[in-house]
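Note sheet for the following structure.
The values are calculated or read from the model by the stated rules, or taken from the named source; none is laboratory data. Given the structure is predicted, the values throughout are model-derived calculations rather than measurements. Cβ coordinates were reconstructed from backbone atoms using ideal geometry, including for glycine residues, and neighbour counts include every protein chain displayed.
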Amino acid sequence: MERVVIIGTGTMAVGIGAGFLASGFDAIFLGRTLEKASRSLALARQTALSLGAQPSEVDPLGQAGLIEEWSSWQEVVWVLETVAEDFELKRVLFAKLDKQVPAAIPIGSNSSGFPISRIAAGLSTRLRMFNAHYFMPAHLVPLVEIALGVDSSAELAEQVCAIYRRAGKQPVLVRQDIPGFLANRIQHALMREALDLIDRGIASAEDVDTAVRYSFGFRYAAAGPILQKEISGWDSMARATEEIYPSLSNTTVLARCVAERIAAGQTGMKAGAGFMAWPAERAAAERAAYERRLQAAFGILKHTKTC
């Protein structure tokens, strides 16, 4: 049985661990206290059941332990940290893992903001260290970005991608250590234009969401942007760029509509308001509906084979 070690006990750790448990991997949760690690393991088992795993398959799997004391590395194929997004915390942790984890085992960071080149700088085994970026909710979103640092082994990165394929995920290999990796760069390009349209009064937040969900967003579940244009033809796209590209937003600062809401404490569901009002009951219902939609979409995607 393949084993993975997940360092951290927060929401991402639970979702990541649940995905591995549901796919038959043995997941080891390491925390600063055994209580937190055990709680994360219990939540991951529950979440794995929501993915369709059976209790008889999940209950025997999983262990909890302490970061400082763990020394059992037999059958471990992957170590992934999910601790708080604090550079010094991650840097100190990786310095320990550099010595603590046998050199043949690859190590990843789920950081979305700190490149692995900085986290692993100067460490003797940095060639086996990568960013491994998930998207929330980690147990439902299939993508995992495996990003190479300046010293990371491309061959070993391919082996990590193979681990994720066995775990039912869809890995992509990001071959250069750039801000935002792959998906977030594309996502932020879209968000910059969407928020600019709201700032200029061209569309409401609700209409922006509707436009994306029911046009190209709807198509993207069936075909990504490159394949979609392979189908429709690059010549028509090229003609449209002449008119559209010069008018697109190229701002390097946060949109006014977002800055104003942050200043007012309206940061979204967690604050009770954002572009919309989010009383607790409505927020809970929308989160549940969001997860149902993701599960339905994943049900389609996982049965789709690419050429």
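Overview of values
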quantity	calculated
Some residue of the stretch 157-168 being part of a helix (DSSP H, G or I), more than 17 Å from the chain's Cα centre (by Cα) and over 26 Å from Ile186 (Cα atoms)	yes
Selection within the stretch 112-170 - aromatic (Phe, Trp, Tyr) and surrounded by 20 or more Cβ atoms within 10 Å (Cβ to Cβ)	Phe130, Tyr134, Tyr164
Residue list for the stretch 254-265, restricted to those being assigned to a loop (DSSP other than H, G, I, E, B) and either in contact (Cβ under 8 Å) with a residue 60 or more places away in the chain or over 24 Å from the mean Cα position of the chain (by Cα) (or both)	Ala255, Ala264, Gly265
Residue in the stretch 215-227 that is surrounded by 10 or more Cβ atoms within 10 Å (Cβ to Cβ) and farther than 21 Å from Leu294 by Cα present	yes
Leu66 surrounded by 20 or more Cβ atoms within 10 Å (Cβ to Cβ) and either over 23 Å from Leu148 (Cβ atoms) or in contact with a Lys or Arg (Cβ under 6 Å, 6 or more places away or on another chain) (or both)	no
Test for Pro102: is it farther than 21 Å from Gln170 by Cα, out of contact with any Ser or Thr (no Cβ under 9 Å at 6 or more places or on another chain) and at pLDDT below 95	no
Neighbours by Cβ (under 6 Å, 6+ apart or cross-chain): first from the stretch 278-295, outside the structural domain of Pro142 (by TED's automatic domain parsing); second surrounded by 11 or more Cβ atoms within 10 Å (Cβ to Cβ) and in a helix (DSSP H, G or I)	Trp278/Met269; Ala283/Met269
Odd one out for Trp78, checked against (1) of a type outside the set (Lys, Arg); (2) in a strand (DSSP E or B); (3) at pLDDT below 95	(3)
Subset of the stretch 92-111 [of a type outside the set (Lys, Arg) and surrounded by fewer than 14 Cβ atoms within 10 Å (Cβ to Cβ)]	Val92, Pro102, Ala103, Ala104
Near pairs, Cβ below 6 angstrom, 6+ apart or cross-chain, from the stretch 204-221 (in the same structural domain as Leu190 (by TED's automatic domain parsing)) to any residue that is at pLDDT 95 or above and of a type in the set (Ser, Thr, Tyr)	none
Leading residue by the ranking (farthest from Thr33 (Cα to Cα)) among those in the stretch 74-92 that are of a type in the set (A, V, I, L, M, F, W, C) and free of Cβ contacts under 8 Å to residues at least 60 places away in the same chain	Phe87
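A quick yes/no check of all residues on (1) over 20 Å from the mean Cα position of the chain (by Cα); (2) within 30 Å of Leu148 (Cα to Cα); (3) part of a helix (DSSP H, G or I):
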position: Gly180; (1), (2), (3): no, yes, no
position: Asn184; (1), (2), (3): no, yes, yes
position: Ala189; (1), (2), (3): no, yes, yes
position: Glu193; (1), (2), (3): yes, yes, yes
position: Ile198; (1), (2), (3): yes, no, yes
position: Thr210; (1), (2), (3): yes, no, yes
position: Leu227; (1), (2), (3): yes, yes, yes
position: Ala240; (1), (2), (3): yes, no, yes
position: Ile244; (1), (2), (3): yes, no, yes
